[in-house]
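Visitor: Shown below is the structure under consideration.
The values are calculated or read from the model by the stated rules, or taken from the named source; none is laboratory data. All values derive from a computational prediction rather than experimental measurement. Neighbour counts run over all protein chains shown; Cβ positions are idealised from the backbone, glycine included.
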C-alpha cells in the first residue's frame, strides 16, 4: 500500500508538470494554428503526456496487482462467501440426518409389515383358541345352571321331608338329644353323598 501511494504521488507530479507545460505552450500552439491554418502537434508535449499516461497505467497496474491488495480482496471474498457456505453445509447435514431417520422409519415399517404377513398362522391359532374358550365357557355355564337346579330340587325335597317333623322343644332332654344326634348324622350323610356326586360329575366333565 505504501508503494502504491508513492506511485500515485509521482503520477500526480508528472501530470501537474505536463499541464503546466501545456499551459505555457498553449497560446503558441493556438497562434501557430490560427496563423498557418495547419495543425502542428507539439512533439515535446505529446511525449510528456505519453510518458505520464504510461506511468499512470503502470502505477494502476501495480496497484491492481499489489500482493497486499490481492490478499485483502481474497480476505473480503472469504469473509463474504464463507458464512453462507457454512450455513448451507449445516443445513445439508441436518437434512441428511432427517433423511436417514425417515429411511430408518420406512425400513422398520416394511419389516413390520413383512412380519405381520408371516404371522397369519399365529392369528389363526389365536382365533381357534378364542373359539375353544368361548365353547368351554358356554359348557361351564350350562353345567353351573344344571348344578344350581339340582341343588335347588334337593333342598326343596329335604324341606318337604323335614316339614312334617315336629319341633323337639316339648320332648324331654334325653330324647331330644338322641333325635338331634340322629338328625345330624342323616344330614352329614346327605352332604357326603352330595359331595361325592359333585366330584364324579366334575370328573366326567373334565374327561
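Visitor: Can residue 99 be described as surrounded by 11 or more Cβ atoms within 10 Å (Cβ to Cβ) and either on the phi < 0 side of the Ramachandran plot or assigned to a helix (DSSP H, G or I) (or both)?
Guide: No, not satisfied.
Visitor: Looking at residue 63, is it free of Cβ contacts under 8 Å to residues at least 40 places away in the same chain and either assigned to a helix (DSSP H, G or I) or surrounded by 10 or more Cβ atoms within 10 Å (Cβ to Cβ) (or both)?
Guide: no
Visitor: Out of curiosity, is residue 73 out of contact with any strand residue (DSSP E or B) (no Cβ under 7 Å at 6 or more places or on another chain), modelled with pLDDT under 85 and surrounded by 10 or more Cβ atoms within 10 Å (Cβ to Cβ)?
Guide: yes
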